[in-house]
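Take a look at the structure set out below.
We did not get these values from a lab; they are worked out from the coordinates using the rules stated. Everything numeric in this text was worked out from a predicted model, so none of it was measured. Cβ placement follows ideal geometry from the backbone for every residue including glycine, while neighbour counts extend to all protein chains displayed.
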Amino acid sequence: MNEPIVVLAAGKGTRMHSSLPKVLHKVCGKPMISYVVDVAKTSEDTDVIVVVPKDNDQIKDAIGNSVAYCVQSVPSGTADAVLSARTLLSGHNNVVVMSGDVPLVSENLLSSLIEKHNETEASITFVTADVKNPDGLGRVVRNSDGMISKIVEQDDASHDELDITEINAGIYMFNTSWLWDSLSNVAESKSGEVYLTSLIHLANQDNKVMSTVKANDEHEVLGVNSQIQLSAAEDYMRQKINHEFMLNGVAMVDPKTVYIDSDVVISEGAIINPNTHLLGKSKIAARSEIGPNTVIKNGEVGKDCKIESSYVSDSDIENGVSIGPFSNIRANTSLASNVRVGNFVEIKNSKVAENTRILHHSYIGDAEVGKNVNIGAGSITCNFDGSRKSHTEIGDSAFIGSNTMMVAPLKIGTGAITGAGSVITTDVPNGATVMGVPARLKK
Ligand code: UD1
Ligand code: CA
């Protein structure tokens, strides 16, 4: 069994000016704390305990039951937050503490912390970093031999201390027997909170062994306290995601304007054009070209598709489909292979079979459209009568003339033809031709 990891997430997050708990703010579509929990859970053997605020289930709802929770009743500082996990940690000799608002931390950094702590048999080991702008962060104060003497928070720092650029990352490992004794001795700071970082000074007084690990890249330890820092984390993560895809054969002419969420999957040979957003759990298969100016949210796109200046959400697009420009494929739609959707087409909650064309100015909602169908310009399913939604079925190889109104519930048979401008209010038999308002059978 590995040593347990406590993730702190009960702070007030005042500086975000947001009603959402700070750690639930998203970086590339994923809550900050989920990044931290994923790193903590790298090994399945590790028990992770998240410290959450009282009377707020939002964090639990977001992370689920892969971790344990403990409640900090009053957010009175990081030392108190750790103390609130004490009963859940009994029987463990060491504990790792991570901050839920430091989302870019890597598995490597965590394992070097654990390794260093065990190797040096320290009472405290913590991660530091040299940063360009230490504003707002705890500074690591060392004596002339380079030994750590304390961490001083910004508000308590002297002029000289403010110039220190080595900062505390908020990621620690403690020996528990020393930790529990000392935590209760932490004095309140000026702000009225009890700081976990005061332990460094106490360890020094007690002549305890302390170790540090330095992060190679200051971005990895970027703490998010404000909306500006959130956007910096997003910026960094976005670049990292895009680079990873490009290294794996995904083409992007202008990655600066490509926004890909952390759970998206893209296969080799895909092309992502400028100003394109691939969000949620979207998947793009090989050689598909997406964008410019396209948003795909939870869309699964097959091979060799082309989607331009369009929206796709919660839908399934099979191989060889083309969409756009300027179309909107809404939730629960599936387009089978080689379907062509042109411009100004909206499709919702519908199934469209292979090779069907819906090329201009159409609305298809709550429908099942067969294969090889041609839906003429301006044709729509009238699926809503003001109170109820109804279903439309269009058979294989039907030809729907321009500007046909299909008043649902309705079934149009295989190979049927509707005349331009017709309003169809009753079912059309297989092979029949109908026209007029309301449409009648052509004999
Ligand atoms: C903290 C460190 C600072 C370090 C910085 C790194 C302290 C006192 N300071 O400052 O040295 O440079 O992180 O990013 O620890 N939290 C609770 N309960 C509380 C207060 C906070 O669970 O009562 C949680 C927060 O939700 C957050 C984490 O602890 O995830 C850190 O708290 P925060 O207030 O953001 O500390 P910083 O001011 O950033
Ligand atoms: Ca913070």
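Among DSSP beta bridges lying fully in the chain, give the percent that are antiparallel, nearest 5.
Details: 20 of 102 bridges.
Around 20 percent of the beta bridges assigned by DSSP in the chain are antiparallel ones.
Under 22 Å from the Cα of residue 281, which lysines turn up, not counting those fewer than eight places away in the same chain?
Within the straight-line limit of under 22 Å, residue 281 reaches these lysines: 26, 30, 41, 60, 240, 256, 297, 303, 306, 348, 351.
Placing +1 on the Cβ of each Lys and Arg and -1 on the Cβ of each Asp and Glu in the chain, which of 94, 398, 122 has its Cα farthest towards the positive end of the resulting dipole?
Of the candidates, 398 comes out farthest on the positive side.
Let me know the shape class of region 5-221, please: from the alpha-carbon gyration tensor, a ≥ b ≥ c as square roots of the eigenvalues, rounded when a/c is under 1.5, otherwise prolate if a/b is greater than b/c, or oblate.
Working: a/c = 1.38, a/b = 1.27, b/c = 1.09.
It is rounded, given that a/c, with a ≥ b ≥ c, falls under 1.5.
If you restrict to DSSP beta bridges whose two residues both lie in region 125-243, what percentage is antiparallel, to the nearest 5?
Numbers: 10 of 14 bridges.
Beta bridges within region 125-243, antiparallel portion: roughly 70 percent.
What nm distance separates the two modelled labels at residue 427 and residue 262, each placed 7 Å from Cα along Cα→Cβ?
5.2
Roughly speaking, what % of Cα-Cα pairs in the chain are separated by over 40 Å, rounded to a whole number?
Values: 38470 of 97903 pairs.
Looking at the chain, the distances longer than 40 Å represent 39 percent of pairs.
Rounded to the nearest 500 deg cm²/dmol, what is the calculated helix-only ellipticity per residue at 222 nm for the chain, with -39500 (n - 2.57) per DSSP H run of length n ≥ 4?
On the way: 8 runs with 76 residues, N = 443.
So the helix-based figure for the chain works out to -5000 deg cm²/dmol.
Report the extension gain between residue 12 and residue 254 in nm, rounded to one decimal, defined as 0.36 nm multiplied by the number of residues separating them, less their alpha carbon distance. Write out the running numbers ahead of the final one.
Details: separation 242, 0.36 × 242 = 87.12 nm, distance 3.81 nm.
Fully extending the segment from residue 12 to residue 254 adds 83.3 nm.
With 10 angstrom as the radius, rank 237, 246 by how many other C-beta atoms surround their C-beta, starting from the fewest.
Numbers: 237 22, 246 14.
By the 10 Å Cβ count, ascending: 246, 237.
Between residue 367 and residues 5 or more places away or on another chain, which pairs have amide H atoms under 5 Å apart, with H built 1.01 Å from N, and which residues are they?
Those lying under 5 Å, H to H, from residue 367 are 350, 351, 392.
Along the charge dipole of the chain, pointing to its positive end and built from +1/-1 on Cβ of Lys, Arg, Asp and Glu, which listed residue (231, 271, 2) has its Cα farthest out?
It is 271, whose Cα lies furthest towards the positive end.
Among 123-136, 367-380, 202-215, how do they line up from the highest to the lowest mean number of other beta-carbon atoms within 10 Å? Walk me through the numbers before you get to the answer.
On the way: 123-136: 19.0, 367-380: 21.0, 202-215: 16.8.
Packing proxy ranking, top to bottom: 367-380, 123-136, 202-215.
What does the charge count near residue 130 come to, summing +1 for each Lys or Arg and -1 for each Asp or Glu among other residues with Cβ under 11 Å from its Cβ?
On the way: positive: 132, 214; negative: 166, 217, 218.
Once all neighbours under 11 Å are counted, the net charge is -1.
Take each of the peptides 96-104, 76-84, average the number of other beta-carbon atoms within 10 Å over its residues, and list them starting from the highest.
On the way: 96-104: 25.7, 76-84: 22.2.
Output ranking for 96-104, 76-84: 96-104, 76-84.
Note down the relative contact order for the chain as a percent, whole number, built from C-alpha pairs under 8 angstrom at least six residues apart. Provide the component values of the computation, followed by the final result.
Details: 1185 pairs, mean separation 36.0, N = 443.
In percent, rounded to a whole number, it is 8.
If we count every other residue with Cβ under 10 angstrom of residue 297's Cβ, Lys/Arg +1 and Asp/Glu -1, where does the sum land? Could the numbers behind the result be given before it?
Details: positive: 281; negative: 261, 314.
Summing Lys/Arg as +1 and Asp/Glu as -1 gives -1.
Taking K and R as +1 and D and E as -1, what net charge do the other residues with C-beta under 14 Å from the C-beta of residue 439 add up to? Intermediate values should be presented prior to the final figure.
Numbers: positive: 411, 440, 442, 443; negative: 427.
Result for the local shell: +3.
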